[in-house]
1. Scanning for something in contact with a strand residue (DSSP E or B) (Cβ under 9 Å, 6 or more places away or on another chain), under 15 Å from Ala1 (Cβ atoms) and of a type outside the set (Ser, Thr, Tyr), does the range 60-73 turn up at least one residue?
2. Where the second residue is small (Gly, Ala, Ser) and exposed (fewer than 13 other Cβ atoms within 10 Å of the Cβ) and the first is touching a residue at least 24 places away in the same chain (Cβ under 8 Å) and under 20 Å from Val72 (Cβ atoms) and lies in the range 24-49, which pairs have Cβ atoms under 8 Å and are six or more apart or on separate chains?
3. Sort out which residues of the range 6-26 are open to solvent by 60 Å² or more (accessible area, probe 1.4 Å) and under 17 Å from the mean Cα position of the chain (by Cα), and write them in order of number.
4. Of (1) in contact with a Leu (Cβ under 9 Å, 6 or more places away or on another chain); (2) on the phi > 0 side of the Ramachandran plot, Ile42 satisfies all except one. Which?
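The values are calculated or read from the model by the stated rules, or taken from the named source; none is laboratory data. The model shown is predicted, which means the values in this text are computed figures rather than measured ones. FYI the Cβ positions are ideal-geometry reconstructions off the backbone, even for glycines, and counts take in every protein chain you see. Remember, those area values only see protein heavy atoms, side chains included, never the ligands or the DNA or RNA. Shrake-Rupley method; radii C 1.70, N 1.55, O 1.52, S 1.80 Å.
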Amino acid sequence: AELYDLFQEDLVKLYPPELIKQAKVILVQSADHILNTFDLEISKYAEDIFLHDGIQVITNARVREVLPNQVVY
C-alpha cells in the first residue's frame, strides 16, 4: 500500500503520467492469503482494497529471482 501511495501521490510530481501508468505494484505472498497473522476477514478486506487500487496479489508463491525486467516466482 505504501508503494502504491508513493506512485499515486509523490512520483506523479516528478515523472510524466504516461511513465507512472506503466508501473505496477504486485504483492507476492507465500501463504494462501495476505496478513496471515490477522483474522481472515481483515485479510480479505485488504485484498479487496488492493484489487480496487489495481494492486495485484499473488498468493502461494515465493519470489525466486529478481531480474532487470522481471520477477521470477
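1. Our first condition is that a residue be in contact with a strand residue (DSSP E or B) (Cβ under 9 Å, 6 or more places away or on another chain); within the range 60-73, this holds for 61-66, 71-73.
If we keep only those that are under 15 Å from Ala1 (Cβ atoms) as well, we get none.
No, there is no match, as no residue in the range 60-73 is in contact with a strand residue (DSSP E or B) (Cβ under 9 Å, 6 or more places away or on another chain), under 15 Å from Ala1 (Cβ atoms) and of a type outside the set (Ser, Thr, Tyr).
2. As it stands, the answer is Lys24/Gly54; Val25/Gly54; Val28/Ala61; Gln29/Ala61; Ser30/Ala61, since those pairs meet every condition given.
3. Taking the range 6-26 as the starting set, the residues that turn out to be open to solvent by 60 Å² or more (accessible area, probe 1.4 Å) are 6, 8-10, 12-19, 21-22, 24, 26.
Result: Leu6, Gln8, Glu9, Asp10, Lys21, Gln22, Lys24, Ile26.
4. Only one criterion in (1) in contact with a Leu (Cβ under 9 Å, 6 or more places away or on another chain); (2) on the phi > 0 side of the Ramachandran plot is unmet by Ile42, namely (2).
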